[in-house]
Amino acid sequence: MRKNPRRLTAAAAVCSALLGAAGLLAPSAQAQVPVSAKPGPAVAATDRSQRDATPPGGEVESTTVTRPDGTQAQVAIFSTSAVNETLWYQTQLTPGGAFGAWSQIGTVQVNFQNPVLSAAADADGSLEVFTLPYESGGLLRLSQAGENGPWSAPESFAPAGTDVPRFFGYPVLFQRADGTLAFFEVYQGAGVPELYVNEQSAPGVWGSWTDLGAGPLPASVATPSFVTQAADGTLTVVAHMWDASSYSAEISELTPGGAWGPWQNCGTGACPAG
């Protein structure tokens, strides 16, 4: 279960209060399950001093991922000061068993003003983590080479020329019935913020970015509130308008992993469940 971020600056506290008042934070995707991505550039395995280390400072935020074999992994951000936050993880050896020692995930310093943490597991049990680095609006991805394998170097995970407008919601990961993952996030380039999706063509193999647009509402949609998969394999996304949770819209794939249809305004009754 994700824990609410501990905002460490006055500016972040004000932002958080405004977000809560306006209902800007999108809930987790329905049936969200862990997944991974194609491993990034290979790096040396974490050394023993990191594997056996105790996480420093206090926990800022954490999330729990369930692997296909039923074991769980906990991924967390720990802080030693107002400007020093790093990523750590621990895993179970058996389903329902005790967690092992914490291990640091690389040396990436997390954006302390907006700590962001989304994680998932691929079909082979390897983990993938998404976060914002220090003094940056560009999302990073770190992934393992196999279950409990070495971590990749952090790499950008975004459409070219875009940044993440953080108040539109955390990245949403949805796993299809075949084990592949769909990744949803709101990115902004030169225009208004728009929802993008990147889908795996096979477990661990990411595809290209698809711009789903800003939605049919007066303001842009946020990250998905719900993601579901139909019997034919197509996905349907329901998202709220970012500054008004009472307004929602829906968009569906026309073919599995293929093109998407137009947005529907659920407030007008155009959505099947609206």
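Quick one: in the range 147-268, what % of C-alpha pairs are over 22 Å apart? Each step should come with its number before you reach the end.
Values: 2497 of 7381 pairs.
Summing the P(r) tail past 22 Å for the range 147-268 gives 34 percent.
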If I ignore ligands, DNA and RNA and count only protein heavy atoms, how much of ASP124 is accessible to a 1.4 Å probe, in Å² to the nearest 10? 90
In what sequence, highest mean first, do 140-149, 251-260 appear when ranked by Cβ atoms within 10 angstrom? 140-149, 251-260
For Cα pairs less than 8 Å apart in space and 6+ apart in sequence, what is the mean separation divided by the residue count of the range 125-180, i.e. the relative contact order in percent? 28
For the range 101-147: relative contact order, % (alpha-carbon pairs under 8 angstrom, 6 or more apart): 32
Quick one: compute the contact order of the range 119-230, relative version, from alpha carbon pairs under 8 angstrom and 6+ residues apart, as a percent. 19
Based on alpha-carbon atoms only, what is the radius of gyration of the range 87-156 relative to the globular estimate 2.2 N^0.38 Å? 1.15
R0 = 30 Å: FRET efficiency of PHE99 with THR268, Cβ-based, nearest 0.05? 0.05
If I ignore ligands, DNA and RNA and count only protein heavy atoms, how much of TYR247 is accessible to a 1.4 Å probe, in Å² to the nearest 10? 120
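The values are calculated or read from the model by the stated rules, or taken from the named source; none is laboratory data. Computed from a prediction, not measured in an experiment: that's the story for all the values here. Backbone-built Cβ (ideal geometry, glycine too); neighbour counts: all protein chains shown. For accessibility, only protein heavy atoms count, side chains too; no ligands or nucleic acids. Shrake-Rupley method; radii C 1.70, N 1.55, O 1.52, S 1.80 Å.
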